[in-house]
Amino acid sequence: MKKIVILAAAILGTAALLSGCAGKKEAPAAAETTKAESSSAETTKAQETSSAASEKDTFTVGFDQDFPPMGFVGDNGEYTGFDLDLAKEVADRLGKKFVAQPIAWDAKDMELESGNIDCIWNGFTINGREDGYTWTKPYMANRQVFVVAKDSGIKTLADLSGKVVEVQADSSAEAALKDNDTLAKTFKTLQTTPDYNTAFMDLEMGAVNCVAMDEIVAAYQIQQRKSDFVILDEALAAEEYGVGFKKGNDALRDKVQEQLEAMAADGTLKTVSEKWFGKDVTTIGK
């Protein structure tokens with residue numbers, strides 16, 4: 001009798017153990033289902049956010065107000081510039097109210113993520129940022145170059161050895177010099193400034209020997225200031241400009257891209273470019 005009771009207890013214990021094991025095997029499947037549902041919910045939310053942004057009746061463009069000729073404060077106190085002219089034309093064609101929103105360049109990602117701006121449109125370099133934003137196709141080609149005083153004696157990149165070089169904080173020039181560590185290490189100092197207007201004043205006063213920056217902007221600054229500055233023949237990096245949207249905002253990007261292509265086809269891009277640069281420097285449709 002005692003053996004029968006022991007045997008029954010053993011059988012019940014084994015059954016309970018097997019039941020417990022079977023229950024544990026089902027848990028991962030449930031977790032995987034929850035994870036899949038969560039991922040699907042996040043995708044749906046992103047799509048809804050993108051759709052809502054594209055349907056707003058305003059088009060708010062984030063830009064650096066000290067970055068002529070792309071975006072800056074004109075003599076009349078109004079925001080103006082090549083990129084802002086393009087952005088306003090796009091807004092008009094989309095039936096949206098254009099809002100030019102100046103931002104601190106090193107805070108641009110926060111402004112975009114928070115929804116304070118719909119896009120960054122201000123000589124915004126795609127190269128090296130491809131995965132950080134949803135981009136239009138490139139609309140302009142550019143180079144990162146070095147600007148020096150004509151009488152500085154600096155002719156080549158080798159001549160920058162031991163010199164003080166300045167860049168805008170969080171700019172493409174700064175990123176390019178971080179990538180080209182071999183060159184940057186030859187400088188006496190690589191320092192940053194909030195904007196290029198300040199950088200040019202530093203160069204005029206002799207506080208720095210060189211400014212690394214966008215060629216398009218450098219050429220405009222030199223022309224406007226009528227200063228004895230020159231751009232070195234050797235460039236730091238080649239790049240392309242695009243309009244950057246919050247990652248996943250394909251709906252609004254697609255609408256803007258459609259209008260840019262229409263503006264290229266009907267000659268509007270060429271007209272705006274000639275107004276600011278005296279020639280067509282745009283690349284869409286070419």
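Mind scanning LYS108/LYS255; LYS155/LYS185; LYS246/LYS286; LYS226/LYS255 and naming the pairs with a C-alpha gap bigger than 29 Å?
Check vs 29 Å cut-off fails for LYS226/LYS255.
If you add up the charges near LYS96, with Lys and Arg at +1 and Asp and Glu at -1, over every other residue whose beta carbon is less than 11 angstrom from its beta carbon, what do you get?
Neighbourhood net charge equals +1.
Add +1 for every Lys or Arg and -1 for every Asp or Glu among the other residues with Cβ under 11 Å from the Cβ of LYS286, and state the total.
Here the charged neighbours net out to 0.
Order PHE98, PHE200, most accessible first, counting only protein heavy atoms with a 1.4 angstrom probe.
Result, largest first: PHE98, PHE200.
I want the local charge near ILE222. Using Cβ-Cβ distances under 11 Å, sum +1 for each Lys or Arg and -1 for each Asp or Glu among the other residues.
Once positives and negatives cancel, what remains is +1.
Could you state the accessible area per residue of segment 177-286 in Å², with a 1.4 Å probe and every protein chain left in place?
Result: 51 Å² of accessible area for each residue.
The values are calculated or read from the model by the stated rules, or taken from the named source; none is laboratory data. Since the structure is predicted, the reported quantities are computational estimates derived from the model, not experimental observations. For neighbour counting, all protein chains shown are included, and Cβ atoms are generated from backbone atoms with ideal geometry for every residue, glycine included. Calculation scope for accessible area: heavy atoms of the full protein, side chains included, ligands and nucleic acids excluded. Shrake-Rupley method; radii C 1.70, N 1.55, O 1.52, S 1.80 Å.
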